[in-house]
Amino acid sequence: MRLFPLMLPALALLISAAPANAAPPRGAASCSGCHPRTDTNGPVPSLNGQPAEQIVAAMAAFRSGERRSTVMTRIAKGFTDEETQAIAAYFAAGGNAPAQP
């Protein structure tokens with residue numbers, strides 16, 4: 001019983017560290033099918049480390065048709081604004097958690 005007060009700060013520390021290792025938000029795993037995890041010279045850029053605002057703006061442009069792409073236009077229309085923001089935040093933070101179905 002005396003250990004309980006000592007365990008609370010340790011538990012708080014573990015909980016605060018959990019988001020860094022959290023599973024990707026819904027939809028983010030499908031992005032890595034085309035977008036590589038690291039920068040390459042290919043036609044599809046990596047999203048890891050890109051500013052969230054840039055990812056959100058690109059998705060909005062694909063959704064509205066302002067930016068054209070056969071694949072991304074359809075994909076962007078499948079996400080809500082909240083889902084897009086969560087995915088953008090995930091990749092802006094590095095997006096290196098293992099992909100989850």
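Here, each number is a calculation from the coordinates, and none is a lab measurement. All figures in this text were calculated on a predicted structure; none of them were measured in a lab. Here Cβ is always computed from backbone atoms with ideal geometry, including for glycine, and neighbour counts include all displayed protein chains.
Remarks
- Computed over neighbours whose Cβ is under 15 Å from that of Ala89, the net charge equals -3, Lys and Arg +1, Asp and Glu -1.
- Local electrostatic count at Pro25 - Lys and Arg +1, Asp and Glu -1, tallied over other residues with Cβ under 12 Å: -1
- Net charge over other residues, Cβ less than 12 angstrom from the Cβ of Ser46 (K, R count +1; D, E count -1): 0
- Its residues counted as N, segment 20-84 yields a C-alpha radius of gyration over 2.2 N^0.38 Å of 1.11.
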